[in-house]
Structures are given as structure tokens and as C-alpha cells.
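Please treat every number below as a calculation from the coordinates, not as lab data. Quick caveat: nothing in here was measured; it's all calculated off a predicted structure. Every residue, glycine among them, receives a Cβ derived from its backbone with ideal geometry; neighbour counts consider all protein chains shown.
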Ligand code: HEC
Ligand code: HEC
Ligand code: HEC
């Protein structure tokens, strides 16, 4: 988002419209109950994060948003009911085919940046409500979104056919037996509309979600979407149900963590609009989901709560609240950089402000994580997110600090406030700046082309010999 956005291919009802946030969109007011339900479902399914929303600039669902996938830029199309630029001429069957099978009415295959493998399980009733909303509740916009042009071989949409055959399920969603009705509702929301697995489930060599490790943690454009299974150490089993629901609604919860990157976008575009019962259902399901433990972990990310005090002498070279130190390209002293760039909000002691508005860096899932990627990504990109409670903003340091400086300040945070057995190198920062480690598939591409080229060459030589033999 930039989920899938900065990222990798992925790539998120009883009180229905009592939510004041609805007033922020210029969608037509719901004409009837079906349209209203569809509008809520579109929020729950996060269609606006990719197809655009009013508050992210531009008319709702008019497309044009560029998803930087590892294969290249994929543009989200216009899905308003415009007959010339959108899906205004599509029947329900056409719409359902795109949503469940990833195919356009002309049969062209969609890339799974559109999360149809998850939407596949949406119930018929919800699918109808979504269609009704897009046809009757969304303003038509007659501007065609730019076309996606991926490099060879990904530009050939037909390559998705075998992929779909391998990885797209055709079976309707069925809730797991043994879960409470509340957790079953949560399971439906997580696995279909919420498409949480598009970020939180690790992907295999061919970039499909590894179902045996559902929700055990995935990488999205430099960010790590953590393990959110019910495991008390590696997952969110140690969060209370209400802490999870609060995190999803507001994007932060004291003593656990903050939602930045794609998760910030999921909160901003989708989760903050959801009803309390639905958020509670999602939380109940995560806690009840099959626990998956990373054997290398022995305590939860948020449990690194013992700050190791910073001797004041560490700051002696720097003027405590001097932003100039950040601009000083010669400084790679983490303590000085922290004092100049971070302490004004997070405190010299890393404990944030008393009201929690500026969060503590001690005892947070970002600074205690086994993988320090999100710490680096937060410093690079900052935080900019609207939650149900408030707006959260932390500046981005990407253009102010070099890779070495970001590594230094991250290491200062890890050693003093977070998980001291982890460290960050300048190379790691450089990698994350460029969207994170590339999936194996892309790393193998040059080899595959090499091998492909060799096969063609050998074939050509063999053919030439045969021709020579025939005409000699
Ligand atoms: C994570 C980003 C993302 C989300 C979330 C998402 N889409 Fe898409 N969608 C895309 C992209 C990207 C494409 C184009 C893919 C391609 O070019 O192959 C697309 C294509 C489509 C198409 C086909 C349009 C056409 O002209 O080809 C429809 C219809 C559609 N999306 C509807 C929806 C609806 C409805 C939702 C919410 C329920 C939704 N999408 C959520 C990214 C997303
Ligand atoms: C676009 C990718 C994306 C989607 C979709 C997404 N997440 Fe996340 N999620 C992330 C990232 C990245 C983080 C880490 C954020 C951070 O630390 O700033 C995260 C963090 C979380 C956390 C906190 C975990 C921890 O240990 O700190 C929870 C809980 C969570 N997500 C639940 C969900 C649920 C439930 C859904 C579906 C409704 C969902 N996420 C959808 C990317 C995503
Ligand atoms: C202008 C104030 C401000 C400055 C300066 C600032 N931050 Fe932040 N930081 C914030 C806010 C606000 C949040 C997000 C709070 C929320 O979402 O509720 C945040 C979040 C974070 C988080 C995520 C915490 C978590 O629990 O997941 C980390 C890590 C972080 N900042 C590190 C830093 C570092 C390192 C620096 C210096 C390079 C820095 N910040 C500078 C205000 C600031």
C-alpha cells in the first residue's frame, strides 16, 4: 500500500453509518440499505487504498494510484460506474469474475496486486451489495487511468493463467469449526474482505501466499508485516482482544505498537471506519488463530521494556535539542543524532510523552522486533496516519540523513531502548530505501533468462546443423 504499495505485489456492521468519518468522502449519500451496506463493505475491503479515495487526493475510485511491485509499476484502474473510463458497462457477472477470478470481461488476466485470491471468498450477498454500491453509490468519473506496462515477461498477462491454476482457490469461504461465532465472523473479515494475508502471510518463490504459514509474517516493500497469529511470543497472543481492536481502530495502542507503512494505510483507509463489533471479531479471530512460533524468539516484541540508561556523557558532543546536528553530514554518532533528531518527541530516555502522544520507544513492537526493518522504515518514511481518534505525524528522515546516519540512530535506539542483540548496517538501510530485499523470483530472473537463452542457442545450433545436413 503503498502496501502492496511501496511494496511488493501483493498486496485492506451494525452501527453502519453512524460513523462520522463517512462525512469526509464525497460519495453520494447511500440511496438505500443495499448501497449503504456495499459502501461499508468497500471500506472493510480497502478498495479505496488502491483505487483512490477522496481524502487521498482525486475523485473516489477513479484509479491512477501506482503500486510499485517488484515486477514493476502496476496502476489501479478507474472502477467508478463511468461507461467510458470505468466499469459502468459491466454486469454483475463481469464484476464478480474480476473480484473472484481476476479476469476482465474480455478474459484478460489481472495481476494479483488486485487481491482477488482473498476476495474470492466474499459471500454472494456481500458481492451483490458491493456491486450495487459501485453502480449506484459512486460518482462516475470519465478519466481513464494510465495503463500498466510491465517489463517482459511480466507484461504478458497470460502468464497469470498457470499461476491462477496453481494458487487461486475456487471453494467458497467456510468458517473453521470450533471457533466462536464472533471469531468466525472475524475469520471471514480477515481472510476475504480484509485481505490481511496479502501482507501478513509469507510468499513462496512464485509470490503466492504460503497457506500453511497463514498470517505468520510477510515482507512488503521494505516493511515487515509481523506475525499476527495467536502465538503469545511470535504473534499477538500476548495482546488483549481490546488492545488489538484499539490498534486497528486508532493505529496505536499504548505498550504495544504503532501502525506505520502499509498498516498505517490500512487503518487510515479501512479499519478506522469499521464498527466496534467487527473490530472485536477480527481481534477475537487473531487470538484464536492457529499459533505459529518462530523458534528463534523467546519473548514478545513489546516485552523489551528495560531501558538501558544513556550516560549523559554520550550527548556531550551534541547540543540536546539541536536540529542542526541532523543536518551535519559528518555526524555518525547515534547518540548525537538521537538527541538532535528524535529526543524532542520521544524523550532522551526514550519514554515518549506522558500522554503517549509521542510514543515510548521502550517496550514497543517496532524496537523489540527480531527484524529491525520497521524501525529503519519508520525513520526513513516517518508516520502519517489518520486513526479514529487522532492524526499521527512523525517527520520522514529519508532526505535528511545518510544511510550511515540512519543506521547509527537506529542502533542507538536498539541498544538503549529496544532489542540490543539486533543491529542495523548502512547497507541494510540502502536496501530498505530501495524497497527492501528482492523476492527470490526476481533474483533468479537473470539466471532463468540465461538458461532460457542457452536453450534457445542450443536449439538454434541443432536446427542449423540439421538444415546443413539436409542441404549439404
Ligand atoms: C491492494 C490494492 C487493491 C485493492 C485493495 C483493490 N484493488 Fe482492485 N485492482 C487493483 C489493481 C492494481 C488492479 C489492476 C490489476 C491489473 O492491471 O492487472 C485492480 C483491478 C480491479 C478491477 C478490474 C478493473 C479493470 O478495468 O480491469 C476491479 C473491478 C477492481 N479492481 C475492483 C476492486 C474492488 C471492488 C475492490 C474492493 C473490494 C478492490 N478492487 C480492491 C488493486 C487493488
Ligand atoms: C498493506 C499491508 C498490510 C495489510 C493489508 C494489513 N497489514 Fe497489518 N501490518 C502491516 C505492517 C507493515 C505492520 C507493521 C507496522 C508497524 O510496525 O509500523 C502491521 C502490523 C499489524 C499489527 C501489529 C502487530 C505487531 O506485532 O506490532 C496487527 C495486529 C495487524 N497488522 C493486523 C492486521 C489485520 C487484522 C489486517 C487485516 C484487516 C492487516 N493487519 C492488514 C501491513 C499490513
Ligand atoms: C515531531 C515528533 C517526532 C520526531 C522528531 C520523531 N518522532 Fe518518532 N514518532 C512520532 C510519532 C507522532 C509517532 C507515531 C505515534 C502514533 O502513531 O501514535 C512516532 C513513532 C515512532 C516509532 C514507532 C514506535 C512504535 O511503537 O512502533 C519509532 C520507532 C520512532 N518514532 C522512532 C523515531 C526516531 C528514531 C526518531 C529520530 C530519528 C524519531 N522517531 C523522531 C513523533 C516523532
Equivalent ellipsoid, segment 2-288 (semi-axes from 5 times Cα gyration tensor eigenvalues, Å): 27, 23, 18
Between segment 222-243 and segment 327-405, the alpha-carbon center distance in angstrom: 21
Geometric extent, Cα atoms of segment 301-433 - Rg, Dmax (angstrom): 13.8, 42
Full-extension gain in nm, residue 91 to residue 306, via 0.36 nm per residue minus C-alpha separation: 71.5 nm
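With a Förster radius of 25 Å, plug the Cβ-Cβ distance of residue 106 and residue 211 into 1/(1 + (r/R0)^6) and report the FRET value to the nearest 0.05.
Numbers: r = 30 Å, r/R0 = 1.21.
Using R0 = 25 Å, I get an efficiency of 0.25.
Report the calculated FRET efficiency for residue 240 and residue 174 (r = Cβ-Cβ distance, R0 = 41 Å), to the nearest 0.05.
0.90
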Residues 34, 265 arranged by fewest to most Cβ contacts within 10 Å: 34, 265
Fewest-first ranking of 357, 95, using other Cβ atoms within 10 Å as the exposure measure: 357, 95
Amide N of segment 221-250 lying under 20 Å from the label point, which is placed 7 angstrom from the Cα of residue 355 along Cα→Cβ: 247, 250
Estimated inter-spin distance, residue 166 and residue 313, nm [label 7 Å along Cα→Cβ]: 5.9
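Can you sort 304, 239 by how many other beta carbons sit within 10 Å, fewest first? Don't jump to the answer; show the numbers that get you there.
Details: 304 22, 239 25.
With the fewest neighbours first, 304, 239 line up as 304, 239.
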FRET efficiency, residue 466 to residue 389 (Cβ-Cβ, R0 51 Å, nearest 0.05): 0.10
